[in-house]
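Working notes, beginning with the structure itself.
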Amino acid sequence: MSIILNKRHVRLALVTLLLIFVTYLVAFNGPSGKTQLPSSSLVNSVGDNGNIPGIHKDHVDKQENSNGVAVKADAPVMPSFNDNKGVEPKAEEEEEFIAADEYERILKTSPVIVFSKSYCSFSRRLKTLLRTSYSMDPEFFVVEVDKVKNGDKLFSYVKHLTGRKTVPNMIVNGVSRGGYDDIAALHNKDQLLGLLKEWCASTSLTVSKAGESPNKEDD
């Protein structure tokens, strides 16, 4: 009697296991008859669709935009190091502007320098006076601070160095000799030519009145 009961128990157990197995298959079979993995599972192998092992399928196939709508994610673009071009170098940084160095460079161009602004009427008057009334070798050099690169920084330095805050500013042998009114006053008194020669005695400047020989003695 005990043997019959044991066989019945075994059959019941087998039937129960079979039902559990069938239930499992039904629960995880989709309408197409193919087994579907839970949405939270990870893709563990590379298939025909190119999924990467260990990366969640949702993360590979789609992303959500700001409105919560799923969109296809763009594949990341990696730089190629297999070509002959290599990685393009960064553009060289612009050289730092140093006003003092630029000022010293300008002083070497001529013993007479005029810092000017192209739209300034007094600057135009001074340049016209020097060009029409005097002959200089080397010619006086004009710096239009509103036109040159970093002109505002250069002009700030010149103002601080010379104490003259306006243009024109006439620098003779490294010393500020004033603006248009100052130079015009010396010219009208017939003193400018002699002073230019005196101020530039240690330089190579030759100066004379326009139309006169540079070697002619002053009256």
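Taking the options Asp146, Asp152, Asp137, Asp181, name whichever one is surrounded by fewer than 13 Cβ atoms within 10 Å (Cβ to Cβ), in contact with a strand residue (DSSP E or B) (Cβ under 9 Å, 6 or more places away or on another chain) and among the acidic types (Asp, Glu).
Values: Asp146 fails: surrounded by fewer than 13 Cβ atoms within 10 Å (Cβ to Cβ); Asp152 fails: in contact with a strand residue (DSSP E or B) (Cβ under 9 Å, 6 or more places away or on another chain); Asp181 fails: in contact with a strand residue (DSSP E or B) (Cβ under 9 Å, 6 or more places away or on another chain).
Exactly one of Asp146, Asp152, Asp137, Asp181 is surrounded by fewer than 13 Cβ atoms within 10 Å (Cβ to Cβ), in contact with a strand residue (DSSP E or B) (Cβ under 9 Å, 6 or more places away or on another chain) and among the acidic types (Asp, Glu), namely Asp137.
Within region 73-122, restricting attention to residues that are at pLDDT 50 or above and aromatic (Phe, Trp, Tyr), the residue that is nearest to Lys197 (Cα to Cα) is Phe115.
Listed by first and then second residue, the pairs linking a residue in region 149-160 that is within 13 Å of Ile98 (Cβ to Cβ) to a residue that is part of a helix (DSSP H, G or I), with Cβ atoms under 7 Å apart and 6 or more places separating them unless they lie on different chains, are Lys153/Ala99; Leu154/Ala99; Leu154/Glu102; Leu154/Tyr103; Tyr157/Ala99; Tyr157/Ala100; Tyr157/Tyr103.
The values are calculated or read from the model by the stated rules, or taken from the named source; none is laboratory data. Just so we're clear, the structure is a prediction, and the values are computed from it rather than from any experiment. Cβ sites come from the backbone with ideal geometry, for glycine too, and all protein chains shown count toward neighbours.
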